[in-house]
1. Rounded to whole Å, give me the distance from the Cα center of region 53-104 to that of region 195-256.
2. In debye, nearest 20: dipole of region 144-266 around its Cα centre with unit charges on the Cβ of K, R (+) and D, E (-)?
3. Only Lys, Arg, Asp and Glu count, each charged at its Cβ (+1, +1, -1, -1), so figure out the dipole size of the chain about its Cα centre, rounded to 20 debye.
4. Using Cα positions and a limit of under 30 Å, work out the lysines in reach of Lys246, with same-chain residues fewer than 8 apart set aside.
5. Please list, in order, the residues from region 242-280 whose amide nitrogen is less than 20 Å from a point placed 7 Å along the Cα→Cβ vector of Leu120.
6. Treating the angle as unsigned and between 0 and 90°, give the value, to the nearest 10°, between the Cα long axis of helix 252-279 and the longest Cα principal axis of the chain.
7. Picking from Ser270, Ser215, Ser231, which is most flexible by a Gaussian network model of the chain using Cα springs under 10 Å?
8. Residue farthest toward the positive end of the dipole of the chain, with Cβ of Lys/Arg at +1 and Asp/Glu at -1: which of Val114, Ser264, Ile157?
Amino acid sequence: MLWFNVIIPNLLPFMILSNLIISLNAASYITFLFAPLLKFLFGISKDGCYAVITGFLCGYPMGAKITADLVTSHKISRSEGIYLLSFCNNVSPIFIINYIINETFHSQSLLKPVCIIIYLSPILCAIVIRPLIRKNAMKYNDFSFSTCEAAVDFKLIDNAILNGFEAITKLGGYIILFALLSQMLIHIPLQHTFLKYWMISLTEITNGLSIVSGSSLSFACKFIIVLTSVSFGGLSCVAQTQSMIKSSGLPIYYYILSKLLNLSFTLFLSIIYLFILNRS
């Protein structure tokens, strides 16, 4: 029902539209307003800025899908795609508001600190790993860039629609599979409650957050579990990301390592916030 009622109406239209945008070489025209700032912060191309914007605003796994589409269509190099994949695949603001603020914590006062922690973490991650990943990624051969402009025709539209439906169907399958797995983890005989609920949330974040919300854990434990799980994205999002990028040749292990670093930053910032909250 999550897939049918939320994912399809929210992501499918954007997937189809995004496929058309990339096919028509229109991404740089859309990002021109934010491109100077993003290029300064991350050292990326105008087309790469499109992946950053969608990755921060549209939720998992759109950042990964857009990055893979840009690489496959020769709009960005493979090395830039590897770098973008390390930080531009994140949870959406709508997810934060609906599932974290309203349904899990029931406190609008947490919106600002939660958003700061969740979105500051991948930015810090990008700053830290940029010299390492981009330097190491240069050993891969970059694709040549396409300069031709695509013409609008029904074949292009058909491909955009079919690609959107294929991607959204895969997402539904992974959500169902990992939601079942997270439900099974509830019954494992693990005495350490914090670790048990953290494992559940790190499996599939949407169902995991619902389970954690109804638990008897303290606010501090819930806060750390929820934010670190959402920052990492869960194993479900890792599988979704692998599904989105496999045709582009981008390596999934870079993504996993960067997400673990992202989780570490989120954990550190969450502990600092809880410390400040307790002192006040």
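The values are calculated or read from the model by the stated rules, or taken from the named source; none is laboratory data. Worth saying up front: this structure is predicted, and the values here are computed from it rather than measured. All Cβ positions, even for glycine, are placed from backbone atoms using ideal geometry, and neighbour counts span all protein chains on display. Side chains included, ligands, DNA and RNA excluded: accessible areas come from the protein's heavy atoms. Shrake-Rupley method; radii C 1.70, N 1.55, O 1.52, S 1.80 Å.
1. Computed from Cα coordinates, the inter-centre distance equals 15 Å.
2. Roughly 440 debye, rounded to the nearest 20.
3. The calculated dipole for the chain is roughly 720 debye.
4. Output for Lys246: Lys39, Lys46, Lys65, Lys75, Lys135, Lys139, Lys155, Lys170, Lys259.
5. 259-280
6. With both axes taken from Cα atoms, the answer is about 40 degrees.
7. Ser215
8. Final value for the positive-end residue is Ser264.
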